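Visitor: Sharing a structure below in structure tokens format, with a few things to ask.
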Amino acid sequence: MDEVRFENKYIRDKGTAKEIYRYWFFKQPIIILVYVMFGLWTISYILGSIIDPWFAFDNSYTLIIIIFCCFLMVLSYLSQVRMMVKRDEEMAGGRELLCETVVTDTKITTMSLGNENTLGFDGIRYAFITKEYIVLVTKARRIFIFKKDSFTIGDTESFIAFLKSKGIKVRGKKN
């Protein structure tokens, strides 16, 4: 058996869901690029409308599409948070959902509610860091969540360095 390098235990709650999906829907680099493009188009729409009032009329459908897309992103975010919370409540039967994750040199094992999932590092696509969490995203888009202040073996800085040593790209700031 491999030596345990890191161990993380935390209670998964609505705050966890909000923070993870906030990154997923609003802070990913590609999403930020899309929002910047929406913003630039909106500015050009406003300037074009000031210069030529018919410009606003002719291009109003595009503004409506942009507003609709932004609305859908917010709606999707809220829906995913609600869905994660409901799944967790259903699985835990109303109890708190304790998530335990153990990391060795060769694999990551997460345990909750008597279930155990294990994955090797070659299955990790990338990691991202939020204010309170480090999240590993697999090639199949499953996630392994580590709460920064909940390491019982190891610490946040060592864990991030370990991930990088395994060749995993880490997005976000440590703060």
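The values are calculated or read from the model by the stated rules, or taken from the named source; none is laboratory data. Treat the numbers as computed from the prediction; the structure is a model and nothing was measured. Because the Cβ atoms are built from the backbone with ideal geometry, glycine has one as well, and the counts that use them run over all protein chains shown. When the accessible area is computed, the model is the full protein with side chains, heavy atoms only, and any ligands, DNA or RNA have been set aside. Shrake-Rupley method; radii C 1.70, N 1.55, O 1.52, S 1.80 Å.
Visitor: For region 70-88, give me each residue that is of a type in the set (Ser, Thr, Tyr) and open to solvent by less than 40 Å² (accessible area, probe 1.4 Å).
Guide: Initially, region 70-88 is screened for residues of a type in the set (Ser, Thr, Tyr), giving 76-77, 79.
Result: Tyr77, single match.
Visitor: What's the total number of residues in region 114-137 that are open to solvent by 40 Å² or more (accessible area, probe 1.4 Å) and in a loop (DSSP other than H, G, I, E, B)?
Guide: Going through region 114-137 one residue at a time, the tally reaches 3.
Visitor: Regarding Gly39, is this residue over 22 Å from Asp155 (Cα atoms) and modelled with pLDDT under 85?
Guide: Values: over 22 Å from Asp155 (Cα atoms): yes; modelled with pLDDT under 85: no.
Judged against the criteria, Gly39 is not a match.
Visitor: Using the structure shown, decide if Met83 is out of contact with any Ser or Thr (no Cβ under 9 Å at 6 or more places or on another chain) and under 22 Å from Pro29 (Cα atoms). Reasoning before the result, please.
Guide: Details: out of contact with any Ser or Thr (no Cβ under 9 Å at 6 or more places or on another chain): yes; under 22 Å from Pro29 (Cα atoms): no.
Answer is no for this residue.
Visitor: Tally up the residues in region 13-34 that are open to solvent by 50 Å² or more (accessible area, probe 1.4 Å) and either acidic (Asp, Glu) or closer than 22 Å to Val170 by Cα (or both), please.
Guide: In the first step, residues of region 13-34 are kept if they are open to solvent by 50 Å² or more (accessible area, probe 1.4 Å); the result is 13-14, 18, 22, 24, 26-27, 29-30, 32-34.
Next, from what is left, pick out any that are either acidic (Asp, Glu) or closer than 22 Å to Val170 by Cα (or both): 13, 18, 22, 24, 26-27, 29-30, 32-34.
The qualifying residues number 11.
Visitor: Quick check on Asp88: is it in contact (Cβ under 8 Å) with a residue 24 or more places away in the chain and closer than 18 Å to Ala17 by Cβ? Show your work before the answer.
Guide: Details: in contact (Cβ under 8 Å) with a residue 24 or more places away in the chain: yes; closer than 18 Å to Ala17 by Cβ: yes.
Answer is yes for this residue.
Visitor: Quick one: in region 89-113, which of the residues that are part of a loop (DSSP other than H, G, I, E, B), more than 14 Å from Tyr10 (Cα to Cα) and open to solvent by 30 Å² or more (accessible area, probe 1.4 Å) is modelled with the lowest pLDDT?
Guide: Here the residue is Gly94.
Visitor: Then there's this: Within region 146-175, track down each residue that is in contact (Cβ under 8 Å) with a residue 12 or more places away in the chain and of a type in the set (Asp, Glu).
Guide: Once the filter is applied, which keeps residues that are in contact (Cβ under 8 Å) with a residue 12 or more places away in the chain and of a type in the set (Asp, Glu), region 146-175 yields Asp149, Glu157.
Visitor: Within the set of pairs 6+ apart or on separate chains, which have a first residue in region 59-84 that is over 19 Å from Tyr45 (Cβ atoms), a second that is of a type in the set (D, E, K, R) and assigned to a helix (DSSP H, G or I), and C-beta atoms under 8 Å apart?
Guide: Here the result reads Tyr77/Arg22; Val81/Lys14; Val81/Lys18, each pair linking region 59-84 to a residue that is of a type in the set (D, E, K, R) and assigned to a helix (DSSP H, G or I).
Visitor: Out of (1) surrounded by fewer than 15 Cβ atoms within 10 Å (Cβ to Cβ); (2) aliphatic (A, V, I, L, M); (3) without any contact (Cβ under 8 Å) to a residue 40 or more places away in the chain, the odd one out for Ile143 is which?
Guide: Among (1) surrounded by fewer than 15 Cβ atoms within 10 Å (Cβ to Cβ); (2) aliphatic (A, V, I, L, M); (3) without any contact (Cβ under 8 Å) to a residue 40 or more places away in the chain, the lone unmet condition for Ile143 is (3).
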